[in-house]
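The structure under discussion appears below in the form of structure tokens.
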Amino acid sequence: MTSRPEVCGGEPPVTDRTPGAALQDVGLVPWHDIEDSSGSAAAIPFLLAAVASGDAAAAQNALDRLRHRICRYGFVVGQATAVTVPFLWDLAQRPQTACRVQILQLLRDIADARQWEITAAAYPKFRRHHGDYVEWESAARHAVRAQRGALTRLLAEQDTALVHATEALASTLTD
């Protein structure tokens, strides 16, 4: 087995998590070829690393910037969103991540995003011109649901705010 470059200050890979992308795999994604709401998604790995940094202020700032890029206004997702979701799940499961509750809230917003889908259902011609957005939204929701096995571990946490955020996300995923 070959070793991959680490993104988060030498943290060892965690093997007991739900299958998905671990943060050390962030370099395997062709971020320059993907777009977020700001254009190129090339900044996303740096924002994820800042969220994982352990510095609460830097983590919150990076998460706010990341939210703007992948779930603007709390409901507009884009091409980079589905690719970023597994890394958010990874961060949410790390006890040392400073803004776990906010990450779960972001995942809930992504799971709830249906703006493009609802519009395309009401106006089928819309899909012809904006079909990518409908697909990106669907892919993002599926990416959140694909990692829902992590909910059990998060519900067992001692932090009540984290448990409440997990319950809110879980209720979104049962719809």
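The values are calculated or read from the model by the stated rules, or taken from the named source; none is laboratory data. Just so you know, these numbers come straight off a predicted model, no measurement behind them. Glycine gets a Cβ as well: all are built from the backbone with ideal geometry, and neighbour counts include every protein chain shown. We work out accessible area using only protein heavy atoms, side chains counted, and drop any ligands, DNA or RNA first. Shrake-Rupley method; radii C 1.70, N 1.55, O 1.52, S 1.80 Å.
Please verify whether segment 122-141 includes one or more residues that are open to solvent by 60 Å² or more (accessible area, probe 1.4 Å), under 14 Å from residue 71 (Cβ atoms) and touching a Phe, Trp or Tyr at 6+ places or on another chain (Cβ under 7 Å).
Keep residues of segment 122-141 that are open to solvent by 60 Å² or more (accessible area, probe 1.4 Å), which gives 122-125, 127-130, 132-133, 135-136.
Right, trim to under 14 Å from residue 71 (Cβ atoms) and you get 133, 136.
Filter once more, keeping what is touching a Phe, Trp or Tyr at 6+ places or on another chain (Cβ under 7 Å): 133.
Yes, the conditions are met somewhere in segment 122-141.
Restricting segment 15-25 to residues that are closer than 17 Å to residue 96 by Cβ and open to solvent by less than 60 Å² (accessible area, probe 1.4 Å), which is modelled with the lowest pLDDT? Looking at residues that are closer than 17 Å to residue 96 by Cβ and open to solvent by less than 60 Å² (accessible area, probe 1.4 Å), I get 17. Condition first: in a helix (DSSP H, G or I) and touching a Phe, Trp or Tyr at 6+ places or on another chain (Cβ under 8 Å). Can you find one or more residues in segment 149-160 that meet it? So far as segment 149-160 goes, yes, one or more of its residues are in a helix (DSSP H, G or I) and touching a Phe, Trp or Tyr at 6+ places or on another chain (Cβ under 8 Å).
With the checklist (1) in contact with a strand residue (DSSP E or B) (Cβ under 9 Å, 6 or more places away or on another chain); (2) touching a residue at least 24 places away in the same chain (Cβ under 8 Å) in hand, flag the one item residue 103 doesn't pass. It is condition (1) that residue 103 fails. Taken as a whole, the structure leaves residue 36 outside the set of residues that are charged (D, E, K, R) and either closer than 27 Å to residue 174 by Cβ or surrounded by fewer than 17 Cβ atoms within 10 Å (Cβ to Cβ) (or both).
Any residue in segment 44-59 that is surrounded by fewer than 22 Cβ atoms within 10 Å (Cβ to Cβ), farther than 25 Å from residue 154 by Cβ and modelled with pLDDT of 95 or more? Scanning segment 44-59, I find at least one residue that is surrounded by fewer than 22 Cβ atoms within 10 Å (Cβ to Cβ), farther than 25 Å from residue 154 by Cβ and modelled with pLDDT of 95 or more, so the answer is yes. Just one of (1) over 29 Å from residue 40 (Cα atoms); (2) touching a Leu at 6+ places or on another chain (Cβ under 7 Å) fails for residue 95. It is (2). Just a yes or no: is a residue in segment 83-104 part of a helix (DSSP H, G or I), open to solvent by 10 Å² or more (accessible area, probe 1.4 Å) and small (Gly, Ala, Ser)? Among the residues of segment 83-104, not one is part of a helix (DSSP H, G or I), open to solvent by 10 Å² or more (accessible area, probe 1.4 Å) and small (Gly, Ala, Ser), which makes the answer no.
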